[in-house]
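Below: one structure, written as structure tokens.
The values are calculated or read from the model by the stated rules, or taken from the named source; none is laboratory data. The model shown is predicted, which means the values in this text are computed figures rather than measured ones. Calculation scope for accessible area: heavy atoms of the full protein, side chains included, ligands and nucleic acids excluded. Shrake-Rupley method; radii C 1.70, N 1.55, O 1.52, S 1.80 Å.
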Amino acid sequence: MFDISFYSANGEPSDSVRITANTYEWLAKSDFSKIGGASIDTEIHLDEENVILPLVELNQEIRQ
């Protein structure tokens with residue numbers, strides 16, 4: 001299984017989606033990894049501590 005986590009820019013709790021192996025294989029062959037361009041190291045507050053993660057911003061255009 002594979003999890004994708006979505007973090008808000010305004011500090012709201014994150015959401016995660018669990019992906020099956022078949023869906024993961026489909027995503028690997030798609031352009032999914034290209035939707036947001038390069039990731040940017042971003043400091044966020046997660047699980048009561050600040051962490052730096054390589055995040056991709058999903059703006060309204062990308063979400064379409």
Problem set entry | The one condition in (1) open to solvent by less than 70 Å² (accessible area, probe 1.4 Å); (2) at pLDDT below 75; (3) in a loop (DSSP other than H, G, I, E, B) that residue 62 fails to fulfil | (3)
For this session: Determine if segment 14-21 includes at least one residue that is at pLDDT 75 or above and part of a helix (DSSP H, G or I).
Result: yes
For this session: Kindly indicate the residue of segment 36-57 that is modelled with pLDDT under 85 and open to solvent by less than 50 Å² (accessible area, probe 1.4 Å) and also nearest to residue 5 (Cα to Cα) among those meeting that condition.
Result: 55
